[in-house]
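A short worksheet on the structure shown next.
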Amino acid sequence: MGLCESTKCWRWRGSAGGLRILIGVMLLGLSVAQSVPPQTTCAAAAAPQSLTQPQYQDTGNDISEGFMAALVQSFLHTVQPNPFPGDLILKIANNVERVLSDQELIKEALVYEVGFLVCAAIGVLYIILMPIIGFFLACCRCCGNCGGKMYQKQTSSIHCRRRTLYWSAFVTTIIILAGNICMFKSNEALKVSVDQGPVQLNTTLANIHTFLTDVPQQLDYVVNESYKTIQEVTRNLDDIGHQLGTEIQEQFRATLEPALHPVRLLNQEIRNTSAQLDKLNSSLAELQSSVDQLQANVSAIGNRINDTLSNPNCNGCNFLKPELQELTLDTSITIPSLNELQSAVDEVNKINLTSKIEEVEEYFNSIPQRVINDTKDVIQKSKQQLGDIKTQISQVTSNIPALTNVSGALDQVRVEISRVTPEVERAEYIRWAVCVALCCVVLLVVVCNLLGLVLGPVGLKPRDDPMKRSCTADCGGTFLMMGAGFSFLFSWLFMIVVLLLFLLGGNVYTLVCRPWNNGQLIKFIDSPGLIPGLDEALGVKNISFSDIYRDCEENQPLWTTLHLYELINLEELLNVSKYTDQIQQQFESTDITLSAITLLSPEVKNKLSSFSTKAQSFDSTAITQQMNNISRINLNSTADKLDQLASTQTNNDTRKELQSQARDLRQIQASIETTIIPQVENLNSTIKSLQSNTEKINGTVGEVLRNVGAAQDFLNTNTTQIVKTESRKFLDCQLGYFVTYADWAKLTITQQVGLCRPVAVAVDSVEAIVCLHMVESLNAFWFSLGWCLIFFIPSIIFSIKLAKYYRKMKHSDVFEDHIIMNHIPRAQMKIT
């Protein structure tokens, strides 16, 4: 029986459909719900990189309140203390066509606006009365009686009255000047706000556009990462021979290597033994030939010596005849156990362990290729399924609400802003110029008052007669009258501007900015029916602006903000637990078997045991003894005796023959020492090596039989389990890639895709542009102007009354009520 039987190695029954379904479900779900423990044999799947969030531009909005915001807001809170009229606005919005005919609705609106109506009534009264009073004052001035006759009665309290009027007019003028400064500042702030508004609005819209365009890119990134996962699994399937086959090899290696190692060692020892036997036989043959030649030479010289000793002329030669018997050599060299060992080696060589080892190694090394060959069809079908799954995964973004429509609308808004910006800039320049003119007129009144307050006291000499006051003092009084005249001339017109801006800016603040700031406006927008089609526009349900704004303030992802968990069941998408049992059943029903392998057949084991027994019974003692006998041959002693005998001979011929024979013996002995002895030593060395090798063979054969037996038992028992285990590990490894991707995808979609703080920042930016900058600046302007106009009234009164203390009188004081002018100290006649 051979070392390895013919085998199919891998047998997949019904695996084509099973594996295709397995891979298809695995990729379609993008995940496995059950936890797959990491395998040490599987390269850890690299987690995809986190999403890179887009970089947004700085809108540059200063969210701090204006310098007069607190004062204006306090005034508007007093004018309009009512809460935001959401219900009233809804009624008006739902009854736009009948709003003018609905008396109850009009009454409710007027009641809500009662504070503004009262202020508007005061403004209208101001507008009506100021020109009328100014008209009468102008008529009086034309008659030369502005402020009464140009006569100033001198009394004891005139000095106190003048001072009181002076300081009252001064304080009033300073207050008007402060309001005028606020007018200039608020007008400039409004101009800056309007100029920067389009730029800031475009920046805000650009950030929203960046946000909206980046969300699909982030989703595409998530899908592309799934493509990478599919590609990785595809590469692993293409490399299944290396990955799965190598792992199976590694499991077998731990068993086969300890079994093959002593087989290789035994094979080497057998080759060494065979070589040593060949060498031994060659040495024996060579030695036997030398010994036979030696025996022939010794026999020939022995016959010659015997003839010489038998010659009658040889005196006293008979005593050497016994020596001739020692010249007979035993030249037969026999090793009884050598033939048995040679026969055992020949039998083992017939096994050809080398080819058997190579056959096992070839079988072992061919496992990856056999895996590739047997799974070729399955892998091809699986890769086709991967292509279909890849196409299906690319449609995952279709479940996400489309934001392209909103992005397109933003582009249109940006184009419209760019189109109207030049017109807005021109209109803003005109507005700014008109407001600067208003500020300058108010400043003119202030300047007239200040010139009067400065020139009057400078030119006044208290002891001068009122009819003889200086031109400087008279000019001061004239400036005071001019300030009053300008006040009457322009204040009612300016009050119209204040009234219009007050109604506009005040209502925008109370109806838009204040509820926007405290969140009531956003909640109002969520009112049912106010903005129809919001759910359809965003592609989601049960969503409100307030929820979106609140979540975006916290920088929540779109998954949370748009309640996508109500639209997309991500857990279901990334959960294929319902397929788990089916996957396991498909895999378990796949019959993946590795055919049995016989390392050593019983016949081989018997031959190895027999070889071990014969090698152990090999005995080199007999041949060693024979070699020792050959080594002890010494012909020189016989030659010495022949020389001694020759020296006693009287016959010259006999003497020469004996000497010649002695010389021949020494030559033969020399030949023994130079030829036979080295051969004997070489033979002894070969015998010792062979003896040492045969002593090892028994232990090696025992180790072979033990290890091969243990390996054979392991393979017979565990081969099927190893294949199933490693196949399961390979499958779990592929699933592990999807587990890693699914965890990352779930975390990314629910926590990183579409972080919507830019939306809240955009809303806050629009609020800052409209309310904190434009509306507040506008309100600060009309409030400052109204402030100045209100104080025009005391300014007019104080200026007109104070002017008589500086202007030249047309009449001097006379005696009235028995009061003589001369009795009044001139110091009390100082004109202010």
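Structure notes:
- Cβ crowding within 10 Å averaged over residues, with 420-432, 217-229 ranked highest first: 217-229, 420-432
- Subset of Lys91/Lys191; Lys605/Lys696; Lys107/Lys185; Lys228/Lys746 violating a 27 Å alpha-carbon distance limit: Lys91/Lys191; Lys107/Lys185
- Qualifying trypsin sites (Lys or Arg not before Pro) in the range 259-319, where qualification requires a DSSP coil assignment and no more than 10 other C-beta atoms within 10 Å, are lacking entirely.
- Summary of packing: across the peptides 607-613, 79-85, the per-residue average of other C-beta atoms within 10 Å ranks them, highest first, as 607-613, 79-85.
- Mean Cβ count within 10 Å, highest first, over the residues of peptides 437-449, 705-717: 437-449, 705-717
- Cα-based shape type of the range 648-715, given that a ≥ b ≥ c are square roots of the gyration tensor eigenvalues and the cut on a/c is 1.5: prolate
- Rounded to whole Hz, the Karplus (6.51, -1.76, 1.60) HN-Hα couplings of the range 790-806, x for glycine and proline: 5, 7, 4, 5, x, 5, 4, 4, 5, 5, 5, 5, 6, 4, 5, 7, 10
- Rg to Rh, two decimals, where the range 669-802 supplies the alpha carbon set and Rh follows Kirkwood: 1.92
- Formal net charge of residues neighbouring Val704 (Cβ-Cβ distance under 14 Å; K, R +1; D, E -1): +3
Throughout, read-outs are computed from the coordinates displayed, never taken from laboratory work. Since the structure is predicted, the reported quantities are computational estimates derived from the model, not experimental observations. Ideal geometry is used to build each Cβ from the backbone, glycine not excepted, and the neighbour counts take in all protein chains shown.
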